[in-house]
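Q: Here it is, the structure in full.
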Amino acid sequence: MSASVAIVILNYNGRTFLKKFLPVVLQYAENAEVIVADNQSSDDSVAVMKTDFPEVRLIINQDNGGFAKGYNDALKYVTAKYYVLLNSDAEVTQGWLAPIIELMEANPKIGACQPKIKAYHNRMTFEYAGAAGGYIDHFGFPFCRGRIFDVLEEDQNQYDDIRQVFWATGCCMFVRAEAYWQMGGFDEDYFAHMEEIDLCWRMNNAGWQVFYNGKSNVYHVGGGTLPKSNPRKTYLNFRNSLITLFKNTPKRHLPTKLFVRCFLDIIASAKFLVFDSKADAWAVCRAQLDFWTKLPKWEKKRRKIFDKGFDHKELILPKSIVLLHYLKGKKKFNDLWE
């Protein structure tokens, strides 16, 4: 690779993952610099890095502001044309870097790109966090090619293509440094979850493109920092999703979208209450309360909408993924646009 590339792993209490997966990253780093940014871990991650991986550059953040602030803080000290934001619980494969870097070099409009993300523990299926490229529906609910809510498709080479998508996963996100800083990086109010979707939406609005390249493969454990079923995670997902919808949607569409979205969130809260846990149900309610009580703050964050080079019809599902999935039984990406 002729371009300068930095693989940056943001670590928080991930000593086990570092010992397991960092050697593989180093093995297949090609000519990229590998950097670990520690987000004030309370385990012995820093000691492990200094003892077991002294050749790897270590950045220690001054505080733990979550995924969003953690990367913003660390990347200020990284000089490269491309950042590869890689989770500590991801296993890379031979030749994973070159296909994406070559694609981004050939198309200077690409601000972010992701590889194919498959499940580490079930290697024939796509993985929840990213699968084969991210999309959203009319009301801001995210889904992926290969993953709709909790339904994961088997990889039968149906998504081995290269194509423009709406968002790239934060699990393994290739980012053009110029685009990242032009957008101001991640929104630090998010802490964690949905910040990559917000960043990609802002890139799309500003004329950048987001791509998926199925020629590159990465396996992801998932739930490495927060368990999948976790009220804190539920709160962050629902709150941050509302903020993202509000920040990036043209004002003329906001009243209708917010009304429907709030109605769907109420249904989600009821579902959690009946089928899951009271804590998750209350987390959805707290997300709504936090969003509405801090509306002036989110209003300040709203950005001007740009449509240059951005095809809404192909990248935003003009329907409700919730209704299509739960009422009409749509379980695969290719069935959604029928």
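The values are calculated or read from the model by the stated rules, or taken from the named source; none is laboratory data. Computed from a predicted model, the values in this text were never measured in an experiment. For neighbour counting, all protein chains shown are included, and Cβ atoms are generated from backbone atoms with ideal geometry for every residue, glycine included.
Q: Can you run down the residue pairs with Cβ atoms below 6 Å, 6 or more apart or on separate chains, where the first is in segment 19-37 and in the same structural domain as I59 (by TED's automatic domain parsing) and within 15 Å of V48 (Cβ to Cβ) and the partner is exposed (fewer than 14 other Cβ atoms within 10 Å of the Cβ) and at pLDDT below 95?
A: Listed by first residue and then by second, the contacts come to nothing, as the list is empty.
Q: On to the next question. Being in the same structural domain as V34 (by TED's automatic domain parsing) and closer than 25 Å to L245 by Cβ, is that true of even one residue in segment 51-66?
A: Yes, some residue in segment 51-66 is in the same structural domain as V34 (by TED's automatic domain parsing) and closer than 25 Å to L245 by Cβ.
Q: Restricting to segment 185-217, name every residue that is closer than 18 Å to V8 by Cα and among the small types (G, A, S).
A: G185, A192, S216
Q: Let me ask you something else. So, in segment 111-125, of the ones that are of a type outside the set (D, E, K, R) and crowded, with 24+ Cβ neighbours inside 10 Å, which residue ends up nearest to A206 (Cα to Cα)?
A: Per the criteria, the residue is G111.
Q: How many residues, within segment 24-55, are surrounded by fewer than 19 Cβ atoms within 10 Å (Cβ to Cβ) and in a helix (DSSP H, G or I)?
A: The number of residues fulfilling the criteria is 8.
Q: Output the residue which, of all residues in segment 60-79 that are of a type outside the set (D, E) and surrounded by fewer than 19 Cβ atoms within 10 Å (Cβ to Cβ), is farthest from Y12 (Cα to Cα).
A: Filtering segment 60-79 for residues that are of a type outside the set (D, E) and surrounded by fewer than 19 Cβ atoms within 10 Å (Cβ to Cβ), the one farthest from Y12 (Cα to Cα) comes out as T79.
Q: Can you run down the residue pairs with Cβ atoms below 9 Å, 6 or more apart or on separate chains, where the first is in segment 274-287 and surrounded by 14 or more Cβ atoms within 10 Å (Cβ to Cβ) and the partner is part of a helix (DSSP H, G or I) and acidic (D, E)?
A: Every condition considered, the pairs that remain are V284/D265; C285/D265; A287/D265.
Q: Report yes if A177 is within 29 Å of G65 (Cβ to Cβ) and either in contact with a Ser or Thr (Cβ under 7 Å, 6 or more places away or on another chain) or buried (at least 20 other Cβ atoms within 10 Å of the Cβ) (or both), otherwise no.
A: In short, no.
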